[in-house]
Ligand code: PEP
Ligand code: MN
């Protein structure tokens, strides 16, 4: 049995009743794109804004994120809209930079959570920091590796911890970019019932058209929230263009969600 020491996630002033919503672009690209997207999301009631600053790309040569120059843009988002801001961290340097710029929450990406050395480096850098940290499932369908990553971050004293279910790589092509394999987060919930789990329909689906159904399925399974990629001009996005929603379309998806009776 996993022995995590957990406390409720807090974004002061935000009511975190289901579903907890985190939204924002896959990547911060320019100050204008970051601020314009954030203003639209804030206007529709989003309270926690995500944007990738350092992007772990499968193959070299793709856009790898703007790096630390994007962090002041996020700070502006926070100052102007009051939203909390979150970034992906994969190295100790990312953690120190994020802290320096007032980032409110961090998440560990799927490629990082598959690597215990990298997770431990992030965990060590987080010692003494008291913010929510979200751990994505590893790219491969390995529940023990996911729990191990959660334990490493928790072992560093991070008690505001949650898991993000973003689906799993398969060699066979399916309609999904990353197969949801719902039984894995369901089993995670069975093993650690007090751990919040949110679903990332953007990286599971890989295409806009699938986001609504995957989000509804996550709600039907009684998961706690959703992290969804949203960009003010998705077709022109520098990463993950086919899966991002305009803030307007995101609102339609969220408004249509039905919170049925819990099934787990
Ligand atoms: C992301 O959230 O943009 C990302 C890179 O996700 P993942 O780690 O799930 O692939
Ligand atoms: Mn992405």
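Just so you know, all these numbers are worked out from the coordinates, no wet-lab data involved. In this text the structure is predicted, and so the values were computed from the model without any measurement. Positions of Cβ are backbone-derived with ideal geometry, glycine not excepted, and every protein chain shown enters the neighbour counts.
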Check: Modelled label-to-label distance, residue 7 and residue 36, 7 Å Cα→beta-carbon offset: nm?
Finding: 4.0
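Viscosity 0.692 mPa s, temperature 37 °C: give me the Stokes-Einstein translational D for the range 1-157 in µm²/s, with Rh taken as the Kirkwood radius over C-alpha pairs.
It diffuses with D of about 204 µm²/s by this estimate.
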Checklist line | Mean Cα-pair separation over length for the range 20-256, i.e. relative contact order, pairs under 8 Å, 6 or more apart, % | finding: 18
Notebook entry, point to check: Looking at the range 81-146, what % of the alpha carbon pairs are farther apart than 19 Å?
Noted result: 29
Margin query: Between residue 99 and residue 241, what is the label-point separation in nm under the 7 Å Cα-to-beta-carbon projection?
Written below: 3.8
Note to self: Can you show me the helix-derived [θ] at 222 nm for the chain, built from DSSP H runs with n ≥ 4 at -39,500 (n - 2.57) apiece and divided by the number of residues, rounded to the nearest 500.
What the structure shows: -10000 deg cm²/dmol
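Over all directions, average the projected area of the Cα convex hull of the chain and note it in nm².
Working: hull surface 50.7 nm².
Dividing the Cα hull surface by four gives the mean projection, 12.7 nm².
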Margin query: Suppose R0 equals 30 Å. What FRET efficiency, 1/(1 + (r/R0)^6) with r the Cβ-Cβ distance, do residue 255 and residue 142 give to the nearest 0.05?
Written below: 0.25
Check: Taking a quarter of the surface of the Cα convex hull of the range 113-264, what do you get in nm²?
Finding: 9.7
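FRET efficiency for residue 44 and residue 171, Cβ-Cβ distance as r, R0 = 41 Å, nearest 0.05? Intermediate results must be reported in sequence, preceding the final value.
On the way: r = 38 Å, r/R0 = 0.93.
Efficiency at R0 = 41 Å is approximately 0.60.
Please state the relative contact order of the range 1-89 as a whole percent: Cα pairs under 8 Å, 6+ residues apart? Kindly include the intermediate steps, with their values, before the conclusion.
Values: 110 pairs, mean separation 27.1, N = 89.
The value is 30 percent.
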Next item on the list: Pull up the DSSP beta bridges for the range 20-256 and report the antiparallel fraction as a percent, rounded to 5.
Entry: 5
Next item on the list: Between 212, 123, 23, find the one with the highest GNM mean-square fluctuation for the chain; connect C-alpha pairs within less than 10 Å.
Entry: 212
Checklist line | Gained length - residue 222 relative to residue 64, 0.36 nm times residue gap less alpha-carbon distance | finding: 53.5 nm
